[in-house]
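Participant: One structure, as structure tokens, below. Some questions next.
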């Protein structure tokens, strides 16, 4: 899934009671697994001036970047973070870890050749799903409509929930960014 979709879906499933006051932690947890990707892209595009095809066909797969991406998508490391939150009795850290875990669970079945090592550093195994959220060779052209429907439903659920107003507007902004990104992708890459 793309990052705005994670943001909207994570905000939609955050419990209203236990973690309701930790919306920022949920928001951060939805974004954190993809944060290294933005750093990577900014570095490759703005600093190294790498051409777009090279970024996604070669640079993305360099061992250094793969390790950085996988640290932030590692279920064992995220579980350890959640355990730290539990031991410290920090609902903020627990909510952050649960949101990061949800992000990973949503990504797991939707990445093919760009799959993360979700059990890093214990294994280099990757689940290469037969479905990709973006790659038309693996039904990405079909899944994008399913994802769009899910994001729109999640936006409605967040809006109608008893969540804080700023979380509602954050989810709506995520939904708008998602639709905007889709329009951009279809126009320029379609």
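Participant: When you look at residue 52, is it surrounded by fewer than 14 Cβ atoms within 10 Å (Cβ to Cβ) and at negative phi, yes or no?
Facilitator: Values: surrounded by fewer than 14 Cβ atoms within 10 Å (Cβ to Cβ): yes; at negative phi: yes.
Considered against the rule, which asks whether it is surrounded by fewer than 14 Cβ atoms within 10 Å (Cβ to Cβ) and at negative phi, residue 52 comes out as yes.
Participant: Let me ask something else about it. Report whether or not residue 18 is more than 20 Å from the chain's Cα centre (by Cα) and modelled with pLDDT of 95 or more. Walk me through it before giving the result.
Facilitator: Values: more than 20 Å from the chain's Cα centre (by Cα): yes; modelled with pLDDT of 95 or more: no.
No, not satisfied.
Participant: Report yes if residue 133 is modelled with pLDDT under 90 and within 15 Å of the chain's Cα centre (by Cα), otherwise no.
Facilitator: yes
Participant: Let me ask another. Any residue at all in segment 94-104 that's modelled with pLDDT under 95, loosely packed, with under 12 Cβ neighbours inside 10 Å and outside any loop (DSSP other than H, G, I, E, B)?
Facilitator: Within segment 94-104, none of the residues are modelled with pLDDT under 95, loosely packed, with under 12 Cβ neighbours inside 10 Å and outside any loop (DSSP other than H, G, I, E, B).
Participant: What about residue 122, is it within 28 Å of residue 66 (Cα to Cα) and either surrounded by fewer than 14 Cβ atoms within 10 Å (Cβ to Cβ) or under 16 Å from the mean Cα position of the chain (by Cα) (or both)?
Facilitator: The answer is yes for residue 122.
Participant: Among the helices (runs of 4 or more DSSP H) contained in segment 1-84, which hold 2 or more residues that are within 21 Å of residue 106 (Cα to Cα)?
Facilitator: By residue number, 3-13, 23-31, 35-42, 63-71.
Participant: Here is a further query. Test each condition in (1) outside any loop (DSSP other than H, G, I, E, B); (2) farther than 18 Å from residue 66 by Cβ; (3) touching a helix residue (DSSP H, G or I) at 6+ places or on another chain (Cβ under 8 Å) for residue 109 and report the one that comes out false.
Facilitator: (3)
The values are calculated or read from the model by the stated rules, or taken from the named source; none is laboratory data. Treat the numbers as computed from the prediction; the structure is a model and nothing was measured. Virtual Cβ from ideal backbone geometry, glycine too; neighbours counted across all protein chains shown.
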